[in-house]
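Please read the structure below before turning to the comments.
The values are calculated or read from the model by the stated rules, or taken from the named source; none is laboratory data. Since the structure is predicted, the reported quantities are computational estimates derived from the model, not experimental observations. Using ideal geometry, Cβ is built from the backbone for each residue, glycine included, and neighbour counts are taken over all protein chains shown. Accessible surface is based on the protein model in full, side chains and every heavy atom, while ligands, DNA and RNA are left aside. Shrake-Rupley method; radii C 1.70, N 1.55, O 1.52, S 1.80 Å.
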Amino acid sequence: MDNFTFYSPTYFAFGKGTEMDAGKYVQKFNGSKVLIHYGSGSVIRSGLLDRIKASLEKVSIPYVELGGVKPNPRSGLVYQGIDLCRKESIDFILAVGGGSAIDSSKAIAAGTVYDGDFWDFYEGKPIEKALPVGIVLTIAAAGSEGSGDSVITKEEGMFKRGASGEAIRPKFSILNPELTQTLPPYQTACGITDILAHLYERYMTNTEEVETTDRMIEGLMLAMIHEGPRVIEDPNNYEARANIMWAGMMAHNNSCGVGRSQDWSSHNIEHELSALYDCAHGAGLAVVMPAVMRYNMRHNIMRFAQVATRVWGCQVDFNNPARTALEGIKAFSDFLTSIGMPKNFKELGAKEEDINKLSHSACFGDVNKGSINGFVTLNEEDVQNIYRMML
């Protein structure tokens, strides 16, 4: 296990009705004027936005609103939010929604107190200062409610990049599983896929002797395999929703990733798909991950065989561990298909003729300089081959 430091100070309020205390938590973390940042009309139609406003009014905290966050959140709305925060002297941002609203809020929080272009942070500049951010979560997926990460799509060129920093880690996150019960099955399945992806990206490590975090990851994967079908069958199953919601946070606050190298090549490769085609991030990962796994499998057959036996119930073949590894990858892919996820380019809406463009952007965007570094270092030709495996 590698040396590490770990600091995850987000205050979590979990359970039924907790959104009613949003104002109290803003007050606890010294917010005096709030930007409520959210997505579509569902937050309005459900009455959630009104409950949030009432909770702020109860503690006499003024607020302004900025809705309109889209899946794969856009840079244009971030710029609008930064201007609004400066004009209105906002000192706290409250994200109401899923990963897109949260990531957009984090970008606004960092950009408001920065003299330059907020996009500098999405090209590698460290985020050292930001307005405080609070969360009312409505979908279990991205894990942004407990992480110091944000991903934004730049509309000029339509490419997707990430930024990180402790300054944008949420001060508090309100997690009420009831708020996820009205999600369509497809969105729920996308969320489950994203959670599994965050776990797999950490599981695929080149660090040896990390049994503790291996077992933590495996346990969370097993919980998703158990709870996923239950919640697809019965969207109102509160206990299944609760387990998925907490797993989503645990999968991405890095408690499962400390002391070990991590992968993230699947996320790098997928980000190009959701940026260009505006597909759901989880759906893109469902197509990308099995291809990346098959391509990278030979790098460490026994790691793939281990997860196949411990998580997917495959029987280990010591004479042919590659067979066990492939069975595990197939079991993972079959599980994703069973909960309604796509399995190839066509179902995702992606096009073969775009592969060269996608590969180049993946290898030269973000902090990449011609390759994607992770479990296996992938050059542009490797990424092209992986995309072709998805056809």
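Annotations
- Of all residues in segment 302-315, exactly one satisfies the criterion of being buried (at least 23 other Cβ atoms within 10 Å of the Cβ) and aromatic (F, W, Y), namely F304.
- Matching option when the condition is farther than 20 Å from C279 by Cα and surrounded by fewer than 14 Cβ atoms within 10 Å (Cβ to Cβ), among F318, F332: F318
- Residue in segment 90-112 that is in contact (Cβ under 8 Å) with a residue 60 or more places away in the chain, open to solvent by 10 Å² or more (accessible area, probe 1.4 Å) and assigned to a helix (DSSP H, G or I) present: yes
- So I82, is it out of contact with any Cys (no Cβ under 9 Å at 6 or more places or on another chain), more than 30 Å from N206 (Cα to Cα), at pLDDT 95 or above and buried (at least 21 other Cβ atoms within 10 Å of the Cβ): yes
- First in segment 372-391 and among the small types (G, A, S), second anywhere and not in a helix (DSSP H, G or I), Cβ under 6 Å, 6 or more apart: G374/D263; G374/W264
- Strands (runs of 3 or more DSSP E) contained entirely in segment 125-172, each with at least 2 residues that are touching a Ser or Thr at 6+ places or on another chain (Cβ under 6 Å) and surrounded by fewer than 24 Cβ atoms within 10 Å (Cβ to Cβ): 149-154
- A count restricted to segment 377-391 and to residues that are open to solvent by 30 Å² or more (accessible area, probe 1.4 Å) and either in a loop (DSSP other than H, G, I, E, B) or farther than 13 Å from A291 by Cβ (or both) stands at 5.
- From A275, A325, residue being out of contact with any Cys (no Cβ under 6 Å at 6 or more places or on another chain) and closer than 29 Å to E155 by Cα: A275
- Residues in segment 1-58 that are in a helix (DSSP H, G or I), under 25 Å from G165 (Cβ atoms) and over 25 Å from the mean Cα position of the chain (by Cα): Q27, K28.
- Candidates are the residues of segment 72-118 that are of a type outside the set (D, E, K, R) and in contact with an Asp or Glu (Cβ under 7 Å, 6 or more places away or on another chain); the one that is farthest from V34 (Cα to Cα) is N72.
- Checking each residue of segment 60-70 against the condition of being modelled with pLDDT under 95, out of contact with any Phe, Trp or Tyr (no Cβ under 8 Å at 6 or more places or on another chain) and basic (K, R) gives at least one match.
- If the condition is being open to solvent by less than 60 Å² (accessible area, probe 1.4 Å), in contact (Cβ under 8 Å) with a residue 60 or more places away in the chain and farther than 14 Å from I174 by Cβ, then segment 40-65 contributes only S42.
- Some residue of segment 65-80 being more than 20 Å from the chain's Cα centre (by Cα), farther than 19 Å from A13 by Cβ and assigned to a loop (DSSP other than H, G, I, E, B): yes
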